[in-house]
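To start, the structure under review is shown below, and the notes come after it.
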Amino acid sequence: MDSTIVVKLVLLGDTAVGKSCLVVRFVRDEFFEFQEPTIGAAFLTQTVQLDDAAVKFEIWDTAGQERYRSLAPMYYRGAACAVVVYDITNPDSFAGAKSWVKELQRRGDANVVIALAGNKADLESRRKVEFEEANAYAEENGILHLETSAKNANNVKALFVEIAKKLPKNRPQPEREAFPLAAPPQENRSCC
Ligand code: GTP
Ligand code: MG
């Protein structure tokens, strides 16, 4: 019989790499050229259907601006999976992504599934981070790597499907009190 597993997923990465746009594309299939920077964090949910199970992602879209950095552990703690995003036109954001991967490996959950997403892949003419370089880094670290475009939707659903496939299907359900905020979040509230 089909089962649904519920998993906490966190998005991390520098400001303006497109974390919120990736989530909005995945959850609502929309894209905004002028997406506002996230304040604090936003919470959304979306379910993907695999052959043998459904995976409901409880998604924490964190704010990448430096002033919010100290909040991040609150959101990645207890997360079964993490999407670390960089912008393929911005090498600094790739360096930032590496430092998030390192932090997750040191301080995240032991079995956290990490996916590195090179976003804005539609901006090929402005590319500064080569696919091969990021892919080699991901292989060395045993993490997933995809290039995505929230703008043209390329690889966005595939990213979450790949993560869902890597999750252990018999993991215990997360504790409801694991929400990092005092009040439980409203589902699908506006994210920015
Ligand atoms: P913070 O919330 O500050 O951490 O930023 P963020 O990572 O959530 O970035 P956000 O989703 O707000 O996107 C920043 C800008 O990049 C927006 O103006 C988007 O329109 C643009 N953007 C996001 N994804 C893409 C993409 O795939 N391609 C292109 N060309 N632009 C994108
Ligand atoms: Mg954002």
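When the residues of the range 127-157 are filtered to those that are hydrophobic (A, V, I, L, M, F, W, C), within 14 Å of ligand 1 (Cβ to nearest atom) and closer than 15 Å to residue 115 by Cβ, the one that is surrounded by the fewest Cβ atoms within 10 Å (Cβ to Cβ) is 146.
Number of residues in the range 27-75 that are in contact (Cβ under 8 Å) with a residue 24 or more places away in the chain and either touching a helix residue (DSSP H, G or I) at 6+ places or on another chain (Cβ under 7 Å) or in a strand (DSSP E or B) (or both): the value is 25.
Return yes or no: is residue 95 in contact (Cβ under 8 Å) with a residue 12 or more places away in the chain, outside any strand (DSSP E or B) and of a type in the set (A, V, I, L, M)? Answer is no for this residue. Residue check: residue 24 meets all listed conditions (1) β-branched (Val, Ile, Thr); (2) within 12 Å of ligand 1 (Cβ to nearest atom); (3) part of a strand (DSSP E or B) but one, namely (3).
When the range 1-38 is filtered for residues that are of a type outside the set (A, V, I, L, M) and on the phi > 0 side of the Ramachandran plot, the ones remaining, listed by number, are 13, 18, 29. The single condition among (1) within 12 Å of ligand 1 (Cβ to nearest atom); (2) part of a loop (DSSP other than H, G, I, E, B); (3) buried (at least 22 other Cβ atoms within 10 Å of the Cβ) that residue 89 does not satisfy is (3).
None of the figures in this text is laboratory data; all of them are computed from the coordinates on show. These numbers were taken from a predicted model, which means no experiment stands behind them. Because the Cβ atoms are built from the backbone with ideal geometry, glycine has one as well, and the counts that use them run over all protein chains shown.
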